[in-house]
Amino acid sequence: MPILTRRNLLKASAVAGAYGVGLGFAGKFGGRALAAEPQVLKTVKTQASLADSGVTRDVLTYGDAGQPPVVRMRKGEPFAARLINGIDDPTTIHWHGIRLPNKMDGVPFLTQPYVYTGDHFDYAFTPPDAGTFWYHPHCNTLIQMGHGMTGVIVVENPKDPTFDSEVVLNLRDWRLGGDGQFIAQFRPRDSAKSGTYGTVRTANWQQQPQYDAPSGGLVRLRLAITDVTRIYSFRMDGAQATVIAIDGNPVPERFPLDLLQLGPGQRLELAVRMPDEEGAIVKLEDIRGTTPKVLATLRSIGGSLKRDVRDLAPLEDNPVAKADIGAAQHIPLILSATAENTSADSICGSLGYSFWAINKVPWPGDTPDPTAPLAELKLGKSYVLDMENVTPHAHPIHLHGMSFTVLSSSTRQVPPFVSDTYLIQPDEKVQLGFVADNSGDWLLHCHIIEHQKTGMTSYMRVA
Ligand SMILES: [Cu+2]
């Protein structure tokens with residue numbers, strides 16, 4: 001087991017990069033991305049109007065537009081961004097859900113050194129998949145994301161069907177006190193349960209924003225849950241909404257949104273058929289918990305376009321390899337609580353506690369600890385993750401670098417969704433199949449950040 005010092009890390013990245021090109025993944029996973037004009041993503045400390053009680057100081061974000069950023073890419077076209085670190089804390093960018101070369105994945109120590117204040121890092125890759133994704137730091141994550149650093153990514157496909165309008169919503173909370181200023185980002189006793197919830201709930205940094213859309217038109221509503229803790233149960237009131245994609249991938253079969261539960265890190269794309277009457281209000285709600293909450297509204301404008309959601313052409317499937325289930329090797333993955341109460345200090349934000357473990361090993365991630373990979377996978381082979389949640393809480397488990405297909409669940413009928421994040425319920429066992437077609441060290445962790453940073457993190461090595 002190699003020690004993940006910064007020097008070894010850089011050597012390992014160089015090797016992973018060479019593998020990527022040598023095995024012909026350059027086009028598929030972005031090796032030719034150097035031609036694109038880099039977009040500047042500068043981290044800044046700013047202020048924003050989030051709560052009714054006053055302007056919130058110490059908001060962290062990319063750029064300074066007064067609203068959360070949205071980055072647009074095109075499927076199969078090179079993308080480049082220069083991260084310039086303008087905040088007083090090391091950082092990186094992880095491009096959640098995008099299948100890219102390992103050295104572009106933005107995980108400190110595992111794939112790149114962190115980017116110090118005043119330094120920069122150039123990211124370049126070609127997104128192979130169209131859909132809704134998002135980006136965030138992977139260093140001191142609870143504070144940096146908690147204070148604002150999350151942005152939605154829209155990867156466009158020129159072959160997409162035509163909608164009359166598009167609305168992108170970055171859904172998240174903020175932990176603010178009565179004066180509108182940040183309070184402690186977590187409470188240890190909550191980290192050991194479902195996590196510490198925010199006090200102010202927003203969509204695009206606003207409480208219940210309203211967007212206009214053509215009456216009788218079809219709206220492509222792209223939702224990204226970028227919160228550090230909250231699981232949402234979505235419902236639409238006042239319009240027919242059809243689920244067309246989850247976690248960046250078209251669903252195997254479209255279905256009407258009745259009630260859908262998704263966790264931190266997950267995305268949802270809906271085709272919303274606006275009412276015919278001008279001025280009608282459509283409400284997007286979260287009905288998890290005791291009080292239903294309106295997240296955002298749409299208002300119909302103008303004469304009816306009289307669109308029919310059944311006329312909407314299908315989204316093109318993303319080129320995700322199908323696992324050969326018969327030949328696949330199974331990897332057991334047990335999510336549990338842990339009694340071990342030690343935690344190494346780290347520049348990337350140790351919370352100082354261990355509450356959770358994967359296969360009995362608690363690891364907070366983003367640290368230079370010598371921690372062995374969960375499994376060593378052979379490039380190009382098929383695998384099945386046999387994941388079991390023996391805790392009393394749900395966990396959105398996110399795999400970097402590769403997309404899996406949901407094969408089966410012990411507790412419910414699950415369509416064969418293609419995804420990068422699975423929200424596993426208490427006492428559920430699930431099988432996730434995938435092809436290890438991207439070389440490197442790939443993190444696998446809970447996206448409730450307090451769970452991730454108190455032990456529910458591991459990684460797999462593909463070579
Ligand atoms: Cu969790």
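In the stretch 280-304, which residue that is hydroxyl-bearing (Ser, Thr, Tyr) and outside any strand (DSSP E or B) is farthest from Pro264 (Cα to Cα)?
We begin by selecting, within the stretch 280-304, every residue hydroxyl-bearing (Ser, Thr, Tyr); these are 290-291, 297, 300, 304.
From the residues that got through so far, the ones that are outside any strand (DSSP E or B) too are 290-291, 304.
Details: Thr290: 19, Thr291: 20, Ser304: 36 Å.
Within the stretch 280-304, the match that is farthest from Pro264 (Cα to Cα) is Ser304.
Based on this model, can you work out whether Asn102 counts as crowded, with 23+ Cβ neighbours inside 10 Å and at positive phi?
It is false that Asn102 is crowded, with 23+ Cβ neighbours inside 10 Å and at positive phi.
Could you grab me the full set of residues in the stretch 115-163 that are part of a loop (DSSP other than H, G, I, E, B), in contact (Cβ under 8 Å) with a residue 40 or more places away in the chain and in contact with a Pro (Cβ under 8 Å, 6 or more places away or on another chain)? Break it down into steps so the answer makes sense when it comes.
Here is the first cut: in the stretch 115-163, the ones part of a loop (DSSP other than H, G, I, E, B) are 116-119, 126-130, 137-140, 147-150, 157-163.
When the remaining residues are screened for being in contact (Cβ under 8 Å) with a residue 40 or more places away in the chain, the result is 126-130, 137-140, 147-150, 157-161, 163.
Once the filter is applied, which keeps residues that are part of a loop (DSSP other than H, G, I, E, B), in contact (Cβ under 8 Å) with a residue 40 or more places away in the chain and in contact with a Pro (Cβ under 8 Å, 6 or more places away or on another chain), the stretch 115-163 yields Thr126, Pro128, Asp129, His138, Cys139, Asn140, Gly148, Met149, Thr150, Pro161.
For the stretch 352-394, which positions are more than 16 Å from the ligand (Cβ to nearest atom) and in a strand (DSSP E or B)?
Residues satisfying the conditions are Ala375, Glu376, Leu377, Ser382, Tyr383, Val384, Asp386.
Restricting to the stretch 441-463, and then to whatever is open to solvent by less than 10 Å² (accessible area, probe 1.4 Å) and either of a type in the set (Lys, Arg) or away from the ligand (no atom under 13 Å from the Cβ) (or both), can you tell me which residue is farthest from the chain's Cα centre (by Cα)?
Looking at the filtered set, the residue picked out is Val462.
Which count do you get for residues in the stretch 395-422 that are open to solvent by 10 Å² or more (accessible area, probe 1.4 Å) and within 16 Å of the ligand (Cβ to nearest atom)?
Residues that pass the stated criteria total 1.
Looking at Thr141, Thr150, Thr132, can you tell me which residue is open to solvent by less than 10 Å² (accessible area, probe 1.4 Å), polar (S, T, N, Q) and over 23 Å from Ala296 (Cβ atoms)? Before the answer, list the steps.
Details: Thr150 fails: over 23 Å from Ala296 (Cβ atoms); Thr132 fails: over 23 Å from Ala296 (Cβ atoms).
From the options Thr141, Thr150, Thr132, the qualifying one is Thr141.
Quickly run through the stretch 437-462 and pick out the residues that are of a type in the set (Gly, Ala, Ser) and closer than 20 Å to Asn359 by Cα.
Initial filter on the stretch 437-462 (of a type in the set (Gly, Ala, Ser)): 439-440, 455, 458.
Hits for the stretch 437-462 are Gly455, Ser458.
Can you report the number of residues in the stretch 176-191 which are surrounded by fewer than 19 Cβ atoms within 10 Å (Cβ to Cβ) and not in a strand (DSSP E or B)?
10
If I filter the stretch 195-224 down to residues being open to solvent by 40 Å² or more (accessible area, probe 1.4 Å) and assigned to a loop (DSSP other than H, G, I, E, B), which single residue comes out as farthest from Ala184 (Cα to Cα)?
Filtering the stretch 195-224 for residues that are open to solvent by 40 Å² or more (accessible area, probe 1.4 Å) and assigned to a loop (DSSP other than H, G, I, E, B), the one farthest from Ala184 (Cα to Cα) comes out as Gln208.
Take Thr242 and tell me if it is touching a Lys or Arg at 6+ places or on another chain (Cβ under 6 Å), open to solvent by less than 30 Å² (accessible area, probe 1.4 Å), under 19 Å from His136 (Cα atoms) and β-branched (Val, Ile, Thr).
no
Anything in the stretch 292-313 that is within 24 Å of the chain's Cα centre (by Cα) and either assigned by TED's automatic domain parsing to the domain that holds Gly455 or among the hydrophobic types (A, V, I, L, M, F, W, C) (or both)? List them, or say none.
Within the stretch 292-313, Val294, Leu295, Ala296 meet the criteria.
Cβ-Cβ distance below 6 Å, separation of 6 or more or different chains: which pairs start in the stretch 185-209 with a residue that is more than 15 Å from the ligand (Cβ to nearest atom) and end on one that is charged (D, E, K, R)?
Close Cβ pairs satisfying both conditions: Gln185/Arg175; Gly198/Asp173; Gly198/Arg175; Thr199/Arg175; Arg201/Asp173.
Output the number of the condition that Gln431 fails; it satisfies all remaining conditions of (1) surrounded by fewer than 18 Cβ atoms within 10 Å (Cβ to Cβ); (2) more than 16 Å from the ligand (Cβ to nearest atom); (3) not acidic (Asp, Glu).
(1)
Within the bounds of the stretch 119-131, is there any residue that is more than 20 Å from the chain's Cα centre (by Cα) and of a type in the set (Phe, Trp, Tyr)? Talk me through it step by step, then tell me what you get.
Here is the first cut: in the stretch 119-131, the residues more than 20 Å from the chain's Cα centre (by Cα) are 119-122.
Restricting the remaining residues to those that are of a type in the set (Phe, Trp, Tyr) gives 121.
Yes, that holds for at least one residue.
For the stretch 207-240, give me each residue that is in contact with a helix residue (DSSP H, G or I) (Cβ under 9 Å, 6 or more places away or on another chain) and hydrophobic (A, V, I, L, M, F, W, C).
The first filter runs over the stretch 207-240 and keeps only residues in contact with a helix residue (DSSP H, G or I) (Cβ under 9 Å, 6 or more places away or on another chain), leaving 218, 226-229, 240.
Answer for the stretch 207-240, where residues must be in contact with a helix residue (DSSP H, G or I) (Cβ under 9 Å, 6 or more places away or on another chain) and hydrophobic (A, V, I, L, M, F, W, C): Leu218, Val228.
The values are calculated or read from the model by the stated rules, or taken from the named source; none is laboratory data. A quick note: this is a predicted structure, and the numbers were derived from the prediction, not measured. With ideal geometry, Cβ positions are generated from the backbone for all residues, glycine too; neighbour counts draw on all protein chains shown. These accessible areas exclude ligands, DNA and RNA; they are computed on the full protein's heavy atoms, side chains included. Shrake-Rupley method; radii C 1.70, N 1.55, O 1.52, S 1.80 Å.
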